[in-house]
Amino acid sequence: MISIWEQETFYRKRDIVIIGAGFSGLWAAISIKERSPEKSILIIERNAVPLGASTRNAGFACFGSLTEVIADAQKMGWEKTLDLVRMRFEGLQKIRKYFKSDEIDFELSGGYEILNSDESLQHINEVNAKLKSVTGLEETYSLQQDKINEFRLGKSQFLIENPCEGSLHSGKLLQKLLEKCHELKVEFLFGIEVKNIEETSDEVNICFSEGVSVKSDQLIHCTNAFSSKFLENENIIPARGQILLTEPIDNLKLKGTFHYDEGFYYFRNLENRVLLGGGRNQDFKTEETTAFETTEFLQNHLENFLKEVILPNQEFKIALRWSGIMAMGSEKTPIVKRLSERQLCTVRLSGMGVALAPKVGEMITIMI
Ligand SMILES: Cc1cc2nc3c(=O)[nH]c(=O)nc-3n(C[C@H](O)[C@H](O)[C@H](O)COP(=O)(O)OP(=O)(O)OC[C@H]3O[C@@H](n4cnc5c(N)ncnc54)[C@H](O)[C@@H]3O)c2cc1C
C-alpha cells in the first residue's frame, strides 16, 4: 500500500498519462504541452531507460529508399505512400528545428540504395515526379555509379543516392527529448510496468501492482511492439532487428546511410566503424518476437554480408551486437487513433520511427 504523501504527489491523478518513453511517447508529450501547457502529463516507462526500438535502432534519419517507395505505392497506392513520405520528410525537419546538429550528431550525409538489378530503375522517373511535391527536388533519387568505387562497394551493380536522408545518434536524441520534456514540466515514473487498465465514464485507472495505480482523464498508449496486451484488436506484429558494430576500420570509405535488398539490410559509417543491421527476411518466424536476444544464425549471416558486400578483402573485428524490437503490420502506416472515450494510441512505427514520431506526436495532439 502507498502513503498519503505518495498518493498526493507521484501517484496523483493527471490530465494525461502516456505509457512508453520511446520516441512516440516523448514527442507526443512535447506536442501536447506546447499546445496546452496547463495540462499535467505523466509518462510511465517500465524500464530504467526506454527499451524497445528507440534506444536499439540504427540511427538512420530515414527518408526511405527507392525500392521501398515503389513497394509502398504498389501496396497502398500513391496517396498513402506520399502522405507517409511527407510525414518522414517533415519529421526530419522538425528534429532539426528542435535540436542543433552537434547535439544529436545529425549529419545530412545522404542515403544510398544498392541494387543488383535494373528493374526498379525503370520507375525512377515516375517516382521522382511524384516526390517532387514533397521534396521540391527534380531528382529525389539519382543513379551515382561513380560512388560505387568511392565507397569501395565493388560488388554492387547500381547505387542510387537520395540527398534527403541523414544519420543521427539515437541515444543523444532521446536524451535531448527527455530534457525538453523536463523543461516543459512533463513528469515521469521509470521502472514501473502498467499491468492493467480500467476505464470508466469519469476516468482511466492505470494499475501497476496491488494497490498502486494512477488515474487520468486520458491515456495514450505509446508501447509500439509491446501493445498487444492492451490493444488486442490492432494489427501489430513484433519484429526483432539484430545489429552488429565493428571496431574502427582504417581508411573506411563509406559515407552516408545504406539500404540493400528492399531495406532488409541497412548499414552506415559510425565514427569509422560499420554499423550493420537486418537480415530478418532470412529467418522471419524466429524474429517475430519481443525477446531481446541475438541469434548465432543471423549474426553469422550479417558477418558474411559484411565480408562479401561491405568490406571485401578487409579485416574487421566485431565490437558489439544487440537487438531491438520494431512493430510491423499488414500496412506500413502507423496506427494513430482514438480507441475509446478516454484512450488513444500511437503505435506501429515500423522501421522508420525516428522520422515519423515527431509528426505522429502532432497528430495525436489534435485528437486529444
Ligand atoms: C534494430 C532496429 C533498427 C531500427 N533502425 C531505425 C532507423 O535507422 N531509423 C528509424 O527511423 N527507425 C529505425 N527503427 C525503428 C524505430 O526505432 C522505431 O520505429 C521507434 O523507435 C519506435 O518508437 P516507439 O516510441 O513507438 O517505441 P519504443 O521505442 O519501442 O518504445 C516503447 C516503450 O514502451 C515501454 N513499454 C511497453 N510496455 C509497457 C508497459 N506495459 N508499461 C510501461 N512501459 C511499457 C517500453 O519499455 C518502451 O520503452 C529501428 C528499430 C530497430 C528495432
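The values are calculated or read from the model by the stated rules, or taken from the named source; none is laboratory data. Computed from a predicted model, the values in this text were never measured in an experiment. Quick reminder, even Gly has a Cβ in these numbers, built from the backbone with ideal geometry, and neighbours come from all protein chains shown. The protein model used for the area step is the full one, side chains on, heavy atoms only, and it has no ligands, DNA or RNA in it. Shrake-Rupley method; radii C 1.70, N 1.55, O 1.52, S 1.80 Å.
Suppose the filter is in a strand (DSSP E or B), within 14 Å of the ligand (Cβ to nearest atom), β-branched (Val, Ile, Thr) and closer than 17 Å to residue 46 by Cα; does residue 197 pass it? Reasoning before the result, please.
Working: in a strand (DSSP E or B): yes; within 14 Å of the ligand (Cβ to nearest atom): yes; β-branched (Val, Ile, Thr): yes; closer than 17 Å to residue 46 by Cα: yes.
Spelling it out, residue 197 is indeed in a strand (DSSP E or B), within 14 Å of the ligand (Cβ to nearest atom), β-branched (Val, Ile, Thr) and closer than 17 Å to residue 46 by Cα.
So in the stretch 24-66, with the set limited to residues that are assigned to a strand (DSSP E or B), near the ligand (Cβ under 6 Å from one of its atoms) and of a type outside the set (Val, Ile, Thr), which one is surrounded by the fewest Cβ atoms within 10 Å (Cβ to Cβ)? Before you say what the answer is, go through the steps one by one.
Taking the stretch 24-66 and keeping what is assigned to a strand (DSSP E or B), we get 41-45, 60-61.
Retained after the next criterion (residues that are near the ligand (Cβ under 6 Å from one of its atoms)): 44-45, 60.
This time we only want the ones that are of a type outside the set (Val, Ile, Thr), so: 45, 60.
Working: 45: 25, 60: 27.
Only one residue fits best here, namely 45.
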Tell me, yes or no, whether the stretch 345-353 has at least one residue that is under 30 Å from residue 149 (Cα atoms) and either within 14 Å of the ligand (Cβ to nearest atom) or outside any strand (DSSP E or B) (or both).
yes
Has the stretch 167-179 got any residue that is without any contact (Cβ under 8 Å) to a residue 60 or more places away in the chain, open to solvent by 60 Å² or more (accessible area, probe 1.4 Å) and over 15 Å from residue 65 (Cβ atoms)?
yes
Residue 306 versus (1) open to solvent by less than 50 Å² (accessible area, probe 1.4 Å); (2) closer than 29 Å to residue 19 by Cβ: which is the lone unmet condition?
(2)
Those residues of the stretch 214-229 that are away from the ligand (no atom under 11 Å from the Cβ) and either open to solvent by 40 Å² or more (accessible area, probe 1.4 Å) or at pLDDT below 95 (or both) come to a total of 2
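Tell me yes or no: at least one residue of the stretch 212-221 is part of a loop (DSSP other than H, G, I, E, B) and either under 26 Å from residue 68 (Cα atoms) or not hydroxyl-bearing (Ser, Thr, Tyr) (or both).
Within the stretch 212-221, not a single residue is part of a loop (DSSP other than H, G, I, E, B) and either under 26 Å from residue 68 (Cα atoms) or not hydroxyl-bearing (Ser, Thr, Tyr) (or both).
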Flag for residue 76 being open to solvent by 20 Å² or more (accessible area, probe 1.4 Å), on the phi < 0 side of the Ramachandran plot and modelled with pLDDT under 95
yes
Which residue, of 151, 106, is of a type outside the set (Lys, Arg), closer than 29 Å to residue 169 by Cβ, in contact (Cβ under 8 Å) with a residue 60 or more places away in the chain and in contact with a helix residue (DSSP H, G or I) (Cβ under 8 Å, 6 or more places away or on another chain)?
106
For the stretch 79-107, name all the residues that are open to solvent by less than 30 Å² (accessible area, probe 1.4 Å) and not in a helix (DSSP H, G or I).
99, 106
Looking at the stretch 327-350, which of its residues are out of contact with any Ser or Thr (no Cβ under 9 Å at 6 or more places or on another chain), among the small types (Gly, Ala, Ser) and either modelled with pLDDT of 95 or more or open to solvent by less than 10 Å² (accessible area, probe 1.4 Å) (or both)?
340
Here are some residues: 273, 280, 268. Which one is farther than 21 Å from residue 82 by Cα and either surrounded by fewer than 20 Cβ atoms within 10 Å (Cβ to Cβ) or more than 10 Å from the ligand (Cβ to nearest atom) (or both)?
273
Among 142, 120, the single one that is at pLDDT below 95 and open to solvent by less than 70 Å² (accessible area, probe 1.4 Å) is 120
List every residue pair whose Cβ atoms sit under 6 Å apart, with the two residues 6 or more apart in sequence or on different chains, where the first one lies in the stretch 32-54 and is touching a residue at least 12 places away in the same chain (Cβ under 8 Å) and under 19 Å from residue 358 (Cα atoms) and the second, anywhere, is among the aromatic types (Phe, Trp, Tyr) and within 6 Å of the ligand (Cβ to nearest atom).
54/23
